[in-house]
Amino acid sequence: MASSIPLIRASQAAPFADRIRASGWRAEPLLEEVGIRPDLVDEHPDALVPEYAIWDLVERCARVAGTGSFGWDAGLGTPVEQLGSFGRDVASAATLRDALRLFLVAVGRHSSDASFSVARGRSGIWFRRHGIDAIDVGAWQVELYVVGLMVRVCRTALGAAWVPAELWLKQRGREPLPEPLRDARVSWGRPVTAIAIPDAALDARLPAIGGDVPPLAAIDLPLPDALRHALESLSLIHI
């Protein structure tokens, strides 16, 4: 059962901190503004922080960077294996089919409330993200990030130019899309975010990576423990 406070590993802030630094800005003030101790991201990546803070961070980073595609750029520009133990779990797969299966399992170890799934489509599968309806800050930039991340997972097996032919977005108002997605058939206002992956792509092989990292446990905390983790992300001492 998910906790009442959505929590996520601090490592999931790294793509946004790295992207804003690459744009010439300091990430530490932005992390502090949203209530995430900067040391957690680099030194304690498996620590739990409120997921709301991560979404808020993406929104603030996009405003500072002055680009409407910040989330997409962060998702697509981060190598999967650099996403902490989550990314190493996924990148250890032999095929794209295995990578998607590992992705679905790994999500529960890194976010208490995030939910992804796959479903059969006309000529392949839909790789779907259900989102967290209780959080709306930064929703569009987070959606762009998730699409970029899902595409990045697929590109690991399918090559650097791959983009989905079909795309579903939860966003109701039509926003400018990143250039690589503009030829996709896009359906807005869907109940889930999803990209279409053809059957023929599922057995494409991923390059082997080194290392063997023990998996984390799923995040399933009662409210008092979830609250403690949320407070620890703001404090310089542990409670």
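The values are calculated or read from the model by the stated rules, or taken from the named source; none is laboratory data. Fair warning: this is a prediction, and the values are worked out from it, not measured in the lab. Every residue, glycine as well, gets a Cβ built from its backbone with ideal geometry; the counts of neighbours run over all protein chains shown. Only protein heavy atoms, including side chains, enter the accessible area calculation; ligands, DNA and RNA are left aside. Shrake-Rupley method; radii C 1.70, N 1.55, O 1.52, S 1.80 Å.
Taking the centroid of alpha carbons for each part, segment 13-35 and segment 42-100 are 13 Å apart.
Each helix, a run of at least 4 DSSP H residues, gives -39500 (n - 2.57); summed and divided by the residues of the chain, these come to -12000 deg cm²/dmol at 222 nm.
Farthest toward the positive end of the dipole of the chain, out of 208, 17, 4, is the Cα of 208, where the dipole comes from beta carbon charges about the Cα centre.
Across 130, 110, the residue with the most accessible area heads the list, and the full order at a 1.4 Å probe is 130, 110. With the whole protein complex present, residue 158 retains an accessible surface near 50 Å², based on a 1.4 Å probe.
Here the simple spin-label model places points 7 Å from the Cα toward Cβ, and for residue 190 and residue 134 these points are separated by 2.6 nm.
For segment 18-140, a crude dipole built from +1 on the beta carbon of Lys and Arg and -1 on the beta carbon of Asp and Glu, taken about the Cα centre, is about 720 debye to the nearest 20.
Positive end of the dipole of the chain (Cβ unit charges, origin at the Cα centre): among 35, 45, 127, the Cα lying farthest that way belongs to 127.
In this simple spin-label model, placing a label point 7 Å from the Cα along the Cα-to-Cβ direction at both residue 94 and residue 174 gives a separation of 4.5 nm. In sequence order, segment 161-171 has phi-based couplings of 9, 5, 9, x, 6, 10, 8, 10, 10, 6, 3 Hz under the Karplus curve 6.51 cos²θ - 1.76 cosθ + 1.60, θ = phi - 60°, and Gly or Pro positions carry x.
Computed extension length for residue 23-residue 203: 61.1 nm, one decimal, from 0.36 nm per residue of separation with the Cα-Cα distance subtracted. Rolling a 1.4 angstrom probe over the protein heavy atoms with all chains in place gives the chain an accessible area of 47 Å² per residue.
Accessible area per residue (1.4 Å probe, heavy atoms of protein chains only) ranks 81, 143, 43 as 43, 81, 143, with the largest value leading. For the chain, the membrane-span-like helix rule (DSSP H, alpha carbon extent of at least 15 Å along the helix axis, mean Kyte-Doolittle at least 0.5) picks out 96-110, 139-158; this says nothing about an actual membrane.
Across 95, 156, the residue with the most accessible area heads the list, and the full order at a 1.4 Å probe is 156, 95.
Surface composition of segment 91-138: carbon and sulfur atoms hold 47% of the protein heavy-atom accessible area at a 1.4 Å probe.
Taking the Cα centre of segment 33-78 as origin, sum charge times position over the Cβ atoms of Lys and Arg (+1) and Asp and Glu (-1), and report the length of that vector in debye to the nearest 20. Mind showing how you got there, number by number?
On the way: 3 positive and 9 negative charges, 44 e Å.
Roughly 220 debye for segment 33-78.
Between the residues 178, 57, 103, the greatest Cα displacement towards the positive end of the dipole of segment 49-181, with unit charges on the Cβ of Lys, Arg, Asp and Glu, is found for 103.
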